[in-house]
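Only one structure is covered here, and it is reproduced in the block below.
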Amino acid sequence: MPCAPASQAPATGVVILLACYQGGRYLREQLASIAGQEHRDWRLVWRDDGSDDDTVAILHDFAAAQPPGRVTCFAGPAGRIGSAASFLALLRHAAPTLGAHDIAAFADQDDVWLPLKLGRAVAALRGAAAAAPAIYTARQVLVDARLDPLAISPALVPPTGFPASLTQNLATGNTVALNPAAARLVAGSAAPPGCQHDWWAYLLVTAAGGTLIADDEPVVLYRQHSANAVGAARSLLQRAAAAVWRGPGVFLGLVRQNLAALDAQRHLLTPQACRDLDAIIAALQGSPRQRLRALRLPGLRRQTWAEQVLFRLWFMLG
């Protein structure tokens, strides 16, 4: 009897979401790295936020060099809306087009993707339960404007779910990919003003009972330069120093804003996340004893001991 053919995993298409603004200086290198991905089943949807350099011309030239329909422009919404809103608009546009085994991946205009990037995201998300939201992130090689290496971003350690996702963002946008359940979840939500798209995606996915899949392999050359919308800390010490510099007011303002946005969309959250949410909101409005009690919630912590000490201090005082 002949052997039965080996079963094959369903084909996975990737929709790459590229938000641009004044990106002409580095954009060609990013597009070349997308074209050079080992995972070949991808299409690119881009939106420009009102550039007056050669960003749009570069994208049209790139589209002309690709098969018809592989690279498309999303024109709406009109006007300058900023990076985070542009990414979320692209996601809302793309989410309904995702097949059952497709994924959506964010792309920054000034980075360079290593050839294995999409393939690793596809493999990681293929292992997640299809019905549950899942978000993939990975480490990055931090480089300067000329792509000379500076450092490798810190590895992530547990906890990486909710409510830890309230304390800091661990999903770096230039590595983030979402399975269809996560893409639809985030696309159907209302992000708070000022929250970055990657943090909101991580926060909402974990509060909805989904998972963060953290890849220890660097997949992106993350360019650090003066025009970064958001830069990266090169070490745990530098990350802690940046938190001290921002101060408790800015940090707790973001926390309260994110809490309010989640509270307004409780139907998207798990019952346990709703209970944690209630405890944290009540603590920030209540007495020092209530705050101490909230700090005992499992998972309400940052990545390192030093960051956690600072977080607890700010939580008690803010």
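The values are calculated or read from the model by the stated rules, or taken from the named source; none is laboratory data. Here the structure is a predicted model, which is why all the values come from computation and not from measurement. As a convention, Cβ positions derive from the backbone with ideal geometry for all residues, glycine included, and neighbour counts pool all protein chains shown. The accessibility values were calculated without ligands, DNA or RNA, using every heavy atom of the protein model including side chains. Shrake-Rupley method; radii C 1.70, N 1.55, O 1.52, S 1.80 Å.
So the values come out like this:
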{"quantity": "Qualifying residue in the range 287-303 (condition: part of a helix (DSSP H, G or I) and under 22 Å from the mean Cα position of the chain (by Cα))", "calculated": "no"}
{"quantity": "Residue check for Ala104: within 16 Å of Leu212 (Cβ to Cβ) and part of a loop (DSSP other than H, G, I, E, B)", "calculated": "no"}
{"quantity": "Residue that is surrounded by the fewest Cβ atoms within 10 Å (Cβ to Cβ) [pool: residues in the range 184-199 that are part of a helix (DSSP H, G or I) and in contact with a helix residue (DSSP H, G or I) (Cβ under 7 Å, 6 or more places away or on another chain)]", "calculated": "Arg184"}
{"quantity": "Condition check for Pro77: part of a loop (DSSP other than H, G, I, E, B) and farther than 30 Å from Pro192 by Cβ", "calculated": "no"}
{"quantity": "Residue match in the range 148-168 (condition: free of Cβ contacts under 8 Å to residues at least 40 places away in the same chain, within 25 Å of Asp111 (Cα to Cα) and under 15 Å from the mean Cα position of the chain (by Cα))", "calculated": "no"}
{"quantity": "Leu252 vs. criteria closer than 21 Å to Gly194 by Cβ, at pLDDT 95 or above, touching a helix residue (DSSP H, G or I) at 6+ places or on another chain (Cβ under 7 Å) and in a helix (DSSP H, G or I)", "calculated": "no"}
{"quantity": "Scope the range 130-146; condition surrounded by 20 or more Cβ atoms within 10 Å (Cβ to Cβ) and not in a strand (DSSP E or B); matching residues", "calculated": "Pro133"}
{"quantity": "Residue ID - most open to solvent (accessible area, probe 1.4 Å), chosen from residues in the range 37-61 that are among the basic types (Lys, Arg) and not in a loop (DSSP other than H, G, I, E, B)", "calculated": "Arg43"}
{"quantity": "Some residue of the range 108-129 being farther than 17 Å from Leu18 by Cβ, buried (at least 17 other Cβ atoms within 10 Å of the Cβ), small (Gly, Ala, Ser) and at pLDDT below 95", "calculated": "yes"}
{"quantity": "Some residue of the range 165-183 being surrounded by 24 or more Cβ atoms within 10 Å (Cβ to Cβ) and touching a Gly at 6+ places or on another chain (Cβ under 8 Å)", "calculated": "yes"}
{"quantity": "Residue count, the range 12-34 (criterion: under 17 Å from Asp111 (Cα atoms) and open to solvent by less than 30 Å² (accessible area, probe 1.4 Å))", "calculated": "13"}
{"quantity": "Pairs with Cβ under 6 Å, 6+ apart, first in the range 265-284 and within 22 Å of Arg184 (Cβ to Cβ), second open to solvent by 70 Å² or more (accessible area, probe 1.4 Å)", "calculated": "Cys274/Arg266"}
{"quantity": "Neighbours by Cβ (under 9 Å, 6+ apart or cross-chain): first from the range 192-208, closer than 13 Å to Ala85 by Cα; second basic (Lys, Arg)", "calculated": "none"}
